[in-house]
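All remarks here apply to the structure that follows.
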Amino acid sequence: MRTKFIQKFQQKYGPWALVTGASSGIGTEFAKQLAATGLNLVLVARRKDRLEKLKQNLEQNYNVKVRIAPVDLTDPDFISRIRKVTDDIDVGLLVSNAGMMYIGHYLDNSLENEMKMIDLNIKAPSILTHHFGKKMTERGKGGIIYTASMLGFMGTPYATAYAATKAYEVAKAEGLAYELKSKGVDVLALNPGLTETEMTANYDFSAMPMKLMKPEKVARTALHCLGRRTLATPGKMNNMMNFFAKHLMSRQMNTKMFGGFMKKTF
Ligand SMILES: NC(=O)c1ccc[n+]([C@@H]2O[C@H](COP(=O)([O-])OP(=O)(O)OC[C@H]3O[C@@H](n4cnc5c(N)ncnc54)[C@H](OP(=O)(O)O)[C@@H]3O)[C@@H](O)[C@H]2O)c1
């Protein structure tokens, strides 16, 4: 069963996958699990030392090639640095996972920081999608995963701008999945709930109804759902919350409830 899955996965999404935000959290897990399926990897993030360590680890433990691209995805010309590392290879899977979050009063965040978040969470995935998505449609196969968030399903006070960037990713994935299906390219928005990573380390989420999940399970859910669904939320509790939010509550009620939770986190 696993061998069949791996063969199909390699055939559809190989030979190379590019993972952004590979230096920690969910991105590192994506890289490990993709290496385990035999895909060669391009690892993208700013911290070069982390990428080098991960490259060494993956090359030692799996029979794959790994390249690193230490790049700040908010730099206006970041794509030219990524192209230097990828122009001679076929990237069949784009995992657009790097992201940043701001929790607190919207107006207390600097405009500069909000613009940076828009650059990283919205602009960079769009640039990567245009570049690699076109090549995938020319080859007639491939996959794109966006790490969005459950917060992308609702207006979320105290994570107002962050949730809005994730709503953009959700809507984009849904539209693009439809457009690219006939071209052989699968698109998925992964919508994690709270996950135990550097991003959540400095906040107190004890008032939240759901527990923090491990990044292993979050990445595994995405790889399992790619090609089968357009939206994927890891975890039973998170899916139950999605169900209540969608079918039993109004958008206004969701926002009010999450506003209450989020206020206690910072
Ligand atoms: N943790 C959660 O509860 C949760 C829930 C829902 C969705 N998510 C989403 O999951 C994704 C991964 O986050 P995570 O939880 O794994 O957090 P994380 O451990 O903080 O990882 C964030 C990754 O993004 C990279 N990154 C940040 N700024 C960058 C920049 N300017 N240029 C290039 N890379 C940059 C970081 O690497 P460098 O610092 O080395 O650049 C790091 O590898 C994000 O999109 C996040 O919004 C997380």
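None of the figures in this text is laboratory data; all of them are computed from the coordinates on show. The model shown is predicted, which means the values in this text are computed figures rather than measured ones. Here Cβ is always computed from backbone atoms with ideal geometry, including for glycine, and neighbour counts include all displayed protein chains.
Would you please give the FRET efficiency between residue 206 and residue 2, computed as 1/(1 + (r/R0)^6) with r the Cβ-Cβ distance and R0 = 35 Å, to the nearest 0.05? Write down the numbers at each step before the final one.
Details: r = 37 Å, r/R0 = 1.07.
After rounding to 0.05, the efficiency reads 0.40.
With a ≥ b ≥ c taken as the square roots of the eigenvalues of the C-alpha gyration tensor of the stretch 198-254, please select rounded if a/c is under 1.5 and otherwise prolate if a/b is larger than b/c or oblate if it is not? Present the calculation step by step, with values, prior to reporting the outcome.
Working: a/c = 2.40, a/b = 1.06, b/c = 2.27.
Taking the square roots of the gyration eigenvalues as a ≥ b ≥ c, the stretch 198-254 is oblate.
Subtracting the Cα-Cα distance from 0.36 nm times the residue separation, let me have the gained length for residue 49 to residue 217 in nm, one decimal. Don't jump to the answer; show the numbers that get you there.
Values: separation 168, 0.36 × 168 = 60.48 nm, distance 2.53 nm.
Here the answer is 58.0 nm.
Work out how much length residue 67 to residue 253 would gain on full extension: take 0.36 nm times their residue separation and subtract the Cα-Cα distance, in nm to one decimal.
Details: separation 186, 0.36 × 186 = 66.96 nm, distance 4.62 nm.
That works out to 62.3 nm of additional length.
How do 4, 181 line up, fewest other C-beta atoms within 10 Å first?
On the way: 4 8, 181 12.
The order, fewest Cβ neighbours first, is 4, 181.
Fewest Cβ neighbours within 10 Å first, please rank 110, 23 accordingly. Spell out each step's value before the answer.
Numbers: 110 10, 23 25.
Fewest to most other Cβ atoms nearby, the residues stand as 110, 23.
Want the number for residue 134 to residue 89: 0.36 nm per residue separation, take away the alpha-carbon distance, what's left?
Details: separation 45, 0.36 × 45 = 16.20 nm, distance 1.43 nm.
Computed gain between residue 134 and residue 89 is 14.8 nm.
Would you order 221, 255, 3 from fewest to most other beta-carbon atoms within 10 Å of each residue's own beta-carbon?
Numbers: 221 21, 255 17, 3 7.
Going from sparsest to densest Cβ surroundings: 3, 255, 221.
Beta carbons within 10 angstrom, averaged per residue: use that to sort the peptides 186-195, 111-120, highest first.
Output ranking for 186-195, 111-120: 186-195, 111-120.
Give me the angle, in degrees from 0 to 90, between the Cα long axis of helix 48-61 and the longest principal axis of the Cα atoms of the chain, rounded to the nearest 10.
Here the helix axis deviates by roughly 60 degrees.
Averaging sequence separations of C-alpha pairs under 8 Å and six or more residues apart, then dividing by the length of the stretch 138-182, give the relative contact order as a whole percent. Let's see the in-between values first.
Working: 27 pairs, mean separation 15.1, N = 45.
About 33 percent, as a whole number.
Using Cα positions and a limit of under 18 Å, work out the lysines in reach of residue 53, with same-chain residues fewer than 8 apart set aside.
Straight-distance partners of residue 53: 32, 65.
Restricting to DSSP H runs of at least four residues, report the calculated mean residue ellipticity at 222 nm for the chain, -39500 (n - 2.57) per run over all residues, nearest 500 deg cm²/dmol.
Numbers: 10 runs with 125 residues, N = 266.
It comes out at -14500 deg cm²/dmol, rounded to the nearest 500.
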